[in-house]
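Below you'll find the structure, written out as C-alpha cells, and then a few comments.
The values are calculated or read from the model by the stated rules, or taken from the named source; none is laboratory data. Fair warning: this is a prediction, and the values are worked out from it, not measured in the lab. Cβ placement follows ideal geometry from the backbone for every residue including glycine, while neighbour counts extend to all protein chains displayed.
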C-alpha cells in the first residue's frame, strides 16, 4: 500500500520528505511527481496518486501487463493526466486551442529526462483518451489501465479488482479534498478564460459538457452538474 513520508492535505512546498513512498525512485517518475507537485492543487495531486495506486492493481491483472522497466511510463501518465487543466499548461495564447486532455498529453513530450519516442505514443494516448468513454476500455495496455483507474476514482469498480475497503484506505491517506468540484471548476474556468471557449471545450467532449452545464446554471456553487 502506498504510504507517505509526511504528506498531508496541505501541500508542503519544497519539502522532499513529503514525497509519498509509492512514487518510484527512477528519474522519470521522480521528475513526473515533481512536475505534478509543482503545478497541481492538492485535490488533483491526491487524485493522481490514487489513480496510480489503482493502475498498479489493474496492471497486475492485465492481459498485456506493463513490465517493471516501463512502470515509470505508467506512473507518468497517471501523475500528469490532468496537468493540462492547470494555468501553466493551458496554453491559452496558442494559435490552436486544445482541450485540457491533449495539453496534458503534450506535456509528456517535454519530460526531463525525456521519454523515448517509441514509448511516448502510448503515454500520450493514455493521457489524451482518459476522459473518452468506451474507446480506451476496448484497448490494451497503458491506455486502458489509465482510463479504468481514473474511472475507479470516480465511482468505478476497477474491473472488480478493488477489494472491499481499499478505496476507504487509500482515501484516508490521500483525501479527496473535493476533487470533483476542483477539477470541474478548473476545466470550466480554463475554457471561459480562453478567447474561444468552444475551441478549448469542443463539442462532444467532457469539457464541453462541463461548460454547457455551467452556462445553464451559472449561479450553481456545487459540483458541476455534468461531472
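Between 97, 120, the distinction of being surrounded by 12 or more Cβ atoms within 10 Å (Cβ to Cβ) and within 25 Å of residue 193 (Cβ to Cβ) belongs to 97 only.
Each row is one residue, and each column tells you yes or no for (1) assigned to a loop (DSSP other than H, G, I, E, B); (2) in contact with a strand residue (DSSP E or B) (Cβ under 7 Å, 6 or more places away or on another chain); (3) surrounded by fewer than 14 Cβ atoms within 10 Å (Cβ to Cβ); (4) at pLDDT 95 or above.
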site: 7; (1), (2), (3), (4): yes, no, no, no
site: 11; (1), (2), (3), (4): yes, no, no, no
site: 17; (1), (2), (3), (4): no, no, yes, no
site: 37; (1), (2), (3), (4): no, no, no, yes
site: 45; (1), (2), (3), (4): no, no, no, yes
site: 57; (1), (2), (3), (4): no, no, no, yes
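Can you go through 74, 97 and tell me which one is touching a helix residue (DSSP H, G or I) at 6+ places or on another chain (Cβ under 8 Å), in a loop (DSSP other than H, G, I, E, B) and farther than 18 Å from residue 185 by Cα?
97
Pairing each residue of the stretch 147-169 that is modelled with pLDDT of 95 or more with any residue that is part of a loop (DSSP other than H, G, I, E, B), provided the two are 6+ apart or on different chains, yields C-beta distances under 7 Å for 147/129; 147/130; 148/156; 150/81; 150/130; 152/162; 169/1. Listed by first and then second residue, the pairs with beta-carbon distance under 7 Å, at least 6 apart or on different chains, first residue in the stretch 95-108 and at negative phi, second in a loop (DSSP other than H, G, I, E, B) and surrounded by 24 or more Cβ atoms within 10 Å (Cβ to Cβ), are 99/201; 101/130; 104/81; 104/82. Which residues, counting only those in the stretch 171-205, are without any contact (Cβ under 8 Å) to a residue 60 or more places away in the chain, out of contact with any helix residue (DSSP H, G or I) (no Cβ under 7 Å at 6 or more places or on another chain), more than 18 Å from residue 42 (Cα to Cα) and not in a loop (DSSP other than H, G, I, E, B)? Those that are without any contact (Cβ under 8 Å) to a residue 60 or more places away in the chain, out of contact with any helix residue (DSSP H, G or I) (no Cβ under 7 Å at 6 or more places or on another chain), more than 18 Å from residue 42 (Cα to Cα) and not in a loop (DSSP other than H, G, I, E, B): 192, 198. Name the residues in the stretch 136-160 that are surrounded by fewer than 16 Cβ atoms within 10 Å (Cβ to Cβ) and either farther than 26 Å from residue 213 by Cα or more than 13 Å from the chain's Cα centre (by Cα) (or both), would you? Within the stretch 136-160, 137, 138, 140, 155, 156, 157, 160 meet the criteria.
Test residue 133 against the criterion of being surrounded by fewer than 17 Cβ atoms within 10 Å (Cβ to Cβ), touching a residue at least 60 places away in the same chain (Cβ under 8 Å) and outside any helix (DSSP H, G or I), and give yes or no. Answer is no for this residue. Listed conditions (1) assigned to a loop (DSSP other than H, G, I, E, B); (2) modelled with pLDDT of 95 or more are all met by residue 142, apart from (1). Restricting attention to the stretch 67-94, the residues that are in contact (Cβ under 8 Å) with a residue 24 or more places away in the chain and over 18 Å from residue 32 (Cα atoms) total 1. Within the stretch 206-226, the set of residues being more than 20 Å from residue 99 (Cα to Cα) and in a helix (DSSP H, G or I) comprises 216 only.
Only one entry of 219, 193 meets the criterion of being more than 18 Å from the chain's Cα centre (by Cα) and loosely packed, with under 12 Cβ neighbours inside 10 Å, and that entry is 219.
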